[in-house]
Amino acid sequence: MGLLCLNTVSPRARSLAPLVKTLGFGMTHGRVLSVPQIELTTAPTCFTQHDYGSVYNRFMSLVEQIQKDITAAMKAREEQRLSTLRMVKAALKNREIEKMAALDEKESQAVLSTLIKQRKDSIEQFTKGGRQEMADKEAAEIVLIETYLPKAAGEAEMVAGVRAVIAEMGAPTMKDMGAVMKNVMARFSAAGMRVDGKIVSDTVKKELAGK
């Protein structure tokens with residue numbers, strides 16, 4: 001059961017709560033899931049998916065899981081959740097058509113990561129344009145999409161992973177940044193954790209510069 005928490009102190013988080021609930025989440029306590037432009041914390045306003053909802057399931061393909069949840073959303077008449085799930089399914093199917101073959105797990109996750117990035121960009125634009133309602137809608141979609149992906153590495157885990165790779169490589173310098181990046185990404189992938197390439201790059205630069 002996926003657990004998502006929104007800061008009750010933040011007016012922006014409170015305004016997002018109805019959207020997230022409409023996408024298929026109920027009230028409970030749980031872990032924090034970060035959403036760009038929305039202040040999140042371990043405050044007691046949290047959301048958990050209904051029993052028919054899904055979190056990342058490595059034993060079922062994303063298309064299969066999403067189709068299952070589309071059916072559940074249709075039965076529950078959850079229009080916003082249904083709309084988001086259909087959009088995700090269409091993106092996956094379009095990628096399959098481009099590839100002319102079924103997607104593997106990493107390829108499917110890459111599609112979802114792209115959808116998240118697109119929404120983060122939209123949030124930035126909507127926020128700059130004073131269209132907070134649209135920004136909150138995009139943020140709520142990110143919350144839902146992220147439940148179909150593996151756990152994202154936190155800042156502390158990211159730094160620890162980068163330092164471990166650097167230690168294993170001996171004494172890499174900035175000239176070896178590409179190799180360090182490759183090894184760090186492989187390390188987190190093997191651990192079944194999701195990382196943002198830009199954040200990894202910034203972390204590697206910082207750690208190498210400190211040597």
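The values are calculated or read from the model by the stated rules, or taken from the named source; none is laboratory data. If you're wondering where the values come from, they're calculated on a predicted model, not measured in any experiment. We place every Cβ from the backbone using ideal geometry, glycine too, and count neighbours over all the protein chains shown.
Would you please name the residue that is nearest to residue 88 (Cα to Cα), looking only at residues in segment 134-147 that are among the β-branched types (Val, Ile, Thr) and part of a helix (DSSP H, G or I)? Show your work before the answer.
Step one: of segment 134-147, the residues among the β-branched types (Val, Ile, Thr) are 142-143, 145, 147.
Imposing the further condition that a residue be part of a helix (DSSP H, G or I) reduces the set to 142-143, 145.
Numbers: 142: 11, 143: 13, 145: 8 Å.
Residue satisfying both the conditions and the ranking: 145.
For segment 152-173, state whether one or more residues are within 25 Å of residue 67 (Cβ to Cβ) and either among the aliphatic types (A, V, I, L, M) or surrounded by 15 or more Cβ atoms within 10 Å (Cβ to Cβ) (or both). Don't jump to the end; show me each part of the working.
From segment 152-173, those within 25 Å of residue 67 (Cβ to Cβ) are 152; that's our starting set.
Filter once more, keeping what is either among the aliphatic types (A, V, I, L, M) or surrounded by 15 or more Cβ atoms within 10 Å (Cβ to Cβ) (or both): 152.
Looking through segment 152-173, at least one residue is within 25 Å of residue 67 (Cβ to Cβ) and either among the aliphatic types (A, V, I, L, M) or surrounded by 15 or more Cβ atoms within 10 Å (Cβ to Cβ) (or both).
Take segment 114-162 and flag every residue that is in contact with an Asp or Glu (Cβ under 9 Å, 6 or more places away or on another chain) and of a type in the set (A, V, I, L, M, F, W, C).
Scanning segment 114-162 gives 115, 116, 123, 126, 135, 152, 153, 158, 159, 162.
Could you check segment 117-133 and list, in sequence order, the residues that are part of a helix (DSSP H, G or I), surrounded by fewer than 19 Cβ atoms within 10 Å (Cβ to Cβ) and not hydroxyl-bearing (Ser, Thr, Tyr)?
117, 118, 120, 121, 124, 125, 128, 132, 133
Report the residue count in segment 95-108 for those that are surrounded by fewer than 15 Cβ atoms within 10 Å (Cβ to Cβ) and closer than 22 Å to residue 194 by Cβ. Spell out how you get there, then give the answer.
From segment 95-108, those surrounded by fewer than 15 Cβ atoms within 10 Å (Cβ to Cβ) are 97-102, 104-106; that's our starting set.
Those left that are additionally closer than 22 Å to residue 194 by Cβ: 99, 102, 104-106.
Residues that pass the stated criteria total 5.
Return yes when residue 123 is β-branched (Val, Ile, Thr), under 30 Å from residue 208 (Cα atoms) and at pLDDT 90 or above and no when it is not.
On the way: β-branched (Val, Ile, Thr): yes; under 30 Å from residue 208 (Cα atoms): no; at pLDDT 90 or above: yes.
The answer is no for residue 123.
Here are 160, 135, 139: which of them is within 30 Å of residue 207 (Cα to Cα) and hydrophobic (A, V, I, L, M, F, W, C)? Walk me through it before giving the result.
Details: 135 fails: within 30 Å of residue 207 (Cα to Cα); 139 fails: within 30 Å of residue 207 (Cα to Cα).
Answer to the check: 160.
Can residue 102 be described as in a loop (DSSP other than H, G, I, E, B) and over 18 Å from the mean Cα position of the chain (by Cα)?
On the way: in a loop (DSSP other than H, G, I, E, B): yes; over 18 Å from the mean Cα position of the chain (by Cα): yes.
In short, yes.
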